[in-house]
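Below is one structure; the comments refer to it alone.
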Amino acid sequence: MDFFADYSMGWLIGLALSLLVTGIVAGLMAGLLGVGGGIVIVPVLYHLFTFLGIDEAVRMHVAVGTSLATIIPTSIISSRAHFKRGSLDAEILRKLIPGVVVGVVIGAIVSGFMDDQGLTAVFATIALLVALNMAFKKDSFSVREGLPGASGSGLLGVFIGGISTLMGIGGGTLSVPILSAMRVPMITAVGTGAALGFVISVPGAIGFLINGMGVESRPPLTVGYINLIGLALIVPATMLMAPVGARVAHAINATLLKQLFALFLFMTSLRMFYGLMS
């Protein structure tokens, strides 16, 4: 706890409020876009840890691991809210889950060999590509009608699970545009993405917890790569706001939902690239 002795009480209160606001925004995004909140939590934690002077060798790993842990309860609340409104497709989940689980395991293993800049680059690049796709893809654009067969769906699941784990996100960031391109209604893609967040976050968080055990220079109160302070402050806010986001998702049109999703991802990507270059 000597680490915090270097900061004033006012500064620490400001940090706590920042984490709470992060949780509020992340919860809204989880329910609204099915993204599990990680697309908000990872960059905010990364920059907070930078400001705190946390060693750059573990900074991104702790941000990703903590984000995955916070997504577990958020995805449960968000999925239940979408299920009650009929926007969760069980058949799509059945086809994707096996591949997603395999992808999460691969992502967790690979993350143990990647450095901080590697994880940051993955996050920024994928976020930018998804944002551009959502912003410029025409409504009439589609790859096919529905998911491919078992092999194709399995490969899609591996991609979604693996990249989502490396990014510390819940899966909706990738599954929403992919499902949308296969003519799945946007609101159904969002609800299904929220459910995939749970499938990704549980084994993903366990992987980051194991990978970080015994690693030096981690922030105080960090188990593995999961920071308990961020977890304790962010989770209550995300759980409170996720149902609100789900209600809003059913009250606005699909075009606006896509635009909001693209803008948010684009801004997030720019912040991360700036961090890599500075």
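General observations
- Of all the listed residues (Ala30, Ala16), the sole one being in a helix (DSSP H, G or I) and modelled with pLDDT under 80 is Ala30.
- From the list Ala262, Ala246, the one residue that fits, being within 20 Å of Val44 (Cα to Cα), touching a residue at least 24 places away in the same chain (Cβ under 8 Å) and assigned to a helix (DSSP H, G or I), is Ala262.
- The set of residues in the stretch 46-71 being at pLDDT below 85 and either crowded, with 22+ Cβ neighbours inside 10 Å or assigned to a helix (DSSP H, G or I) (or both) consists of Tyr46, His47, Leu48, Phe49, Thr50, Phe51, Leu52, Ile54.
- Residues that are buried (at least 19 other Cβ atoms within 10 Å of the Cβ), modelled with pLDDT of 80 or more and assigned to a helix (DSSP H, G or I) within the stretch 129-152 comprise just one, Ala131.
- Some residue of the stretch 193-202 being outside any helix (DSSP H, G or I) and at pLDDT below 85: no
- Qualifying residue in the stretch 230-240 (condition: more than 16 Å from Thr74 (Cα to Cα), of a type outside the set (Phe, Trp, Tyr), surrounded by 22 or more Cβ atoms within 10 Å (Cβ to Cβ) and in contact with a Pro (Cβ under 8 Å, 6 or more places away or on another chain)): no
- Filtering the stretch 72-118 to residues that are among the aliphatic types (A, V, I, L, M), in a helix (DSSP H, G or I) and more than 24 Å from Leu166 (Cβ to Cβ) leaves Ile77, Ala81, Ala90.
- Out of Ile163, Ile126, one residue alone is at pLDDT 90 or above, under 30 Å from Leu209 (Cα atoms), β-branched (Val, Ile, Thr) and under 14 Å from the mean Cα position of the chain (by Cα). It is Ile163.
- Test: Val40 is of a type outside the set (S, T, N, Q) and within 21 Å of Phe266 (Cβ to Cβ): yes
The values are calculated or read from the model by the stated rules, or taken from the named source; none is laboratory data. Only a predicted model underlies this, so the values are computations on that prediction, with no experimental measurement involved. Cβ atoms come from the backbone with ideal geometry, glycine included; neighbour counts cover every protein chain shown.
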